[in-house]
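Working notes for the structure below.
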Amino acid sequence: YQGNGGVVESLAPPAATIIAASADRLFLAGVAGEPDRIWYSKLRRDGEVAAFFDGNTVAVPRNAGAIVALSFINETLIAFCESGIYAIVGDGYDNVGGGANYAAREIPSDVGAESAEAVARMGKDGIIFKSAKGWHLLDRGWGVEYIGGPVSDYDTEEVQAIHVVDTQHQVRILTSSRLLVLD
């Protein structure tokens, strides 16, 4: 449906448990009944409220499991699934339904992320995340590297939160039992 001057209709967003924002769009995942789909808003300008359209979605392959976190690297949205990682490339549809949709491109690895609480952007270094195989880094060149050796004794503990402290060159990880510090 195209209403106002050819612009696609504006809808409220679906209920979601995962959200990420770029300069001009909001991205949602964790929508009930759609574990492998990302919803994205129409393009928005400063001062505008984000609006959605039900045609603005992109799917990641189901074989990677549910999407558990969203982040950005190199100005590209990254979808962390239970057993895979995908770069969401392209520009998405514009506000009149033109252009091309985003596409999910697999980032080669044998891991995914455990939860949104276990994913954090590390400035210029990339994105740190905990998988079922421990702590990894997705670097700016799209490589996935295991970095969890020093804290591997605590891999069974559930991550509650992660915080990057750039000024101290630290990553602080709060688990259900302790605070881990990667320095």
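The values are calculated or read from the model by the stated rules, or taken from the named source; none is laboratory data. The shown structure was predicted, so the numbers you read here are calculated from the model rather than taken from an experiment. Every residue, glycine among them, receives a Cβ derived from its backbone with ideal geometry; neighbour counts consider all protein chains shown. We work out accessible area using only protein heavy atoms, side chains counted, and drop any ligands, DNA or RNA first. Shrake-Rupley method; radii C 1.70, N 1.55, O 1.52, S 1.80 Å.
With all protein chains present, how much of the accessible area of the chain (probe radius 1.4 Å) comes from carbon and sulfur, to the nearest whole percent?
On the way: 4590 of 9510 Å².
About 48 percent, which is the carbon plus sulfur part of the accessible surface.
Check which residues have an amide H placed less than 5 Å from Ile85's amide H, if you skip close sequence neighbours.
Distant-sequence amide H within range of Ile85: Ile107.
Give me the percent of Cα-Cα pairs in the chain that sit more than 28 Å apart, rounded to a whole number.
28
Taking the convex hull of the alpha carbon atoms in segment 108-156, what volume per residue do you get, in Å³?
Measuring per residue, one finds 74 Å³ for the Cα hull of segment 108-156.
If the only charges are +1 at each Lys and Arg Cβ and -1 at each Asp and Glu Cβ, what is the size of the charge dipole of segment 99-183 around the Cα centre, to the nearest 20 debye? Spell out each step's value before the answer.
Numbers: 8 positive and 13 negative charges, 55 e Å.
Approximately 260 debye in magnitude.
State, to one decimal in nm², a quarter of the convex hull surface area for the C-alpha atoms of segment 12-113, i.e. the direction-averaged projected area. Don't skip to the answer; put the middle values down first.
On the way: hull surface 25.0 nm².
Averaged projected area of segment 12-113's Cα convex hull equals 6.2 nm².
Of the GluC sites (Glu not before Pro) in segment 1-91, which ones lie in a loop per DSSP and count no more than 12 other C-beta atoms within 10 Å?
Details: sites: Glu9, Glu48, Glu75, Glu82; in loops: Glu9, Glu48, Glu75, Glu82.
Filter output for segment 1-91: Glu48, Glu75.
Separation of segment 62-121 and segment 140-183 by C-alpha centroid, Å?
That distance is 21 Å.
Once phi is turned into θ = phi - 60°, what whole-Hz ³J(HN,Hα) does the Karplus curve with 6.51, -1.76 and 1.60 give for every residue of segment 122-132, x standing for Gly and Pro?
10, x, 7, 7, x, 10, 8, 8, 9, 10, 5
Ordering Tyr154, Tyr40, Tyr102, Tyr146 by accessible area with a probe of 1.4 Å, largest first, what comes out?
The ranking, largest first, comes out as Tyr146, Tyr154, Tyr102, Tyr40.
Once you put a point 7 Å from the Cα of Leu174 and another 7 Å from the Cα of Ala12, both along the Cβ direction, what distance in nm separates them?
Label at Leu174, label at Ala12, 3.1 nm between them.
Rounded to the nearest 0.05, what FRET efficiency is calculated for Asp54 and Asp110 with R0 set to 25 Å and r the Cβ-Cβ distance?
That gives a FRET efficiency of 0.15.
With an 8 Å Cα cut-off and a minimum separation of 6 or more residues, compute the relative contact order for segment 38-153 in percent.
17 percent.
For Met122, list long-range residues whose amide hydrogen, built 1.01 Å from N in the peptide plane, is under 5 Å from its own amide hydrogen.
Residues meeting the amide H criterion: Ile127, Ile128.
Tell me, what is the per residue accessible area of the chain in Å², probe radius 1.4 Å?
52
Which one, Gly112, Leu70, Leu137, projects farthest toward the positive side of the charge dipole computed for segment 33-164 from Cβ point charges (K/R +1, D/E -1)?
Leu70
Is there a quick way to get the dipole size of the chain? I mean about its Cα centre, with the Cβ of Lys and Arg at +1 and of Asp and Glu at -1; what is the value in debye to the nearest 20?
Values: 14 positive and 24 negative charges, 45 e Å.
For the chain, the charge dipole is close to 220 debye.
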